[in-house]
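Student: For reference, the structure I am asking about is given below.
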Amino acid sequence: MQALIATVTQLLKAGPPLRLAVLFGSHASGRAHPKSDVDIAILPADATLSLGHELALAAELSRSLGREVDLVRIDRASTLLRWEIARHGVLVLAEPVWEWVRFRANTASEHADIAESLDRAAELLRRRLAGPAGRRI
């Protein structure tokens, strides 16, 4: 994984300025297999970074790494996805260095705000799936 992070870091530093880049998914968790894509979350320094620039960056990463790259904009991701990135992601780069800490703290706060509602929704879904007989899942 360290070689992957080093390569991704080098490639990202050559692209548009980023405040944050995080490896997540199967490569971050150690569950990657030969056909796994590479999941990278980015937070551009310029929030108006165009889709064309994002696609060009993803294409360059894919070409250089020899596998598909799924590039996710942190500033456009759902709270649940940001929570997964914050909890299980591996930092690739942060400019300034405290950006990673700030992202994780803000995301934890946002997740805490919705956690109770998510738990209630999950319980209602379990009950509905259990059906009228009330069997538990």
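The values are calculated or read from the model by the stated rules, or taken from the named source; none is laboratory data. Here the structure is a predicted model, which is why all the values come from computation and not from measurement. Glycine gets a Cβ as well: all are built from the backbone with ideal geometry, and neighbour counts include every protein chain shown.
Student: Please name all residue pairs, on different chains or six or more residues apart, with Cβ atoms under 8 Å, provided the first residue is in the stretch 27-38 and is farther than 20 Å from L71 by Cβ and the second residue is assigned to a loop (DSSP other than H, G, I, E, B).
Tutor: Correct list of pairs: G30/M1.
Student: Can you go through L93, L57 and tell me which one is at pLDDT 95 or above, under 15 Å from the mean Cα position of the chain (by Cα) and either part of a loop (DSSP other than H, G, I, E, B) or surrounded by 14 or more Cβ atoms within 10 Å (Cβ to Cβ) (or both)? Outline the logic, then answer.
Tutor: On the way: L57 fails: under 15 Å from the mean Cα position of the chain (by Cα).
None of the other options fit; the residue is L93.
Student: Further question: Which of (1) charged (D, E, K, R); (2) under 19 Å from I5 (Cα atoms); (3) at pLDDT below 95 does E99 not meet, given it meets every other one?
Tutor: Single failed check for E99: (3).
Student: Examine the stretch 74-83 for a residue that is within 16 Å of P17 (Cβ to Cβ), out of contact with any Lys or Arg (no Cβ under 8 Å at 6 or more places or on another chain) and surrounded by 17 or more Cβ atoms within 10 Å (Cβ to Cβ), and state whether such a residue exists. Show your work before the answer.
Tutor: From the stretch 74-83, those within 16 Å of P17 (Cβ to Cβ) are 74-75; that's our starting set.
Right, trim to out of contact with any Lys or Arg (no Cβ under 8 Å at 6 or more places or on another chain) and you get 75.
With the extra rule that they be surrounded by 17 or more Cβ atoms within 10 Å (Cβ to Cβ), the set shrinks to none.
No, the conditions are met nowhere in the stretch 74-83.
Student: Right, here's the next one. Within the set of pairs 6 or more residues apart or between chains, which connect a residue that is closer than 18 Å to R31 by Cα and among the charged types (D, E, K, R) inside the stretch 82-111 to a residue that is assigned to a strand (DSSP E or B) and modelled with pLDDT of 95 or more with Cβ atoms less than 9 Å apart?
Tutor: Sorted first by the residue in the stretch 82-111, then by its partner, the pairs are E84/F24.
Student: Report every pair of residues separated by at least 6 positions or lying on different chains whose Cβ atoms are under 8 Å apart, first residue within the stretch 1-12 and part of a helix (DSSP H, G or I), second loosely packed, with under 15 Cβ neighbours inside 10 Å and of a type in the set (S, T, N, Q).
Tutor: T7/S64; L11/S64
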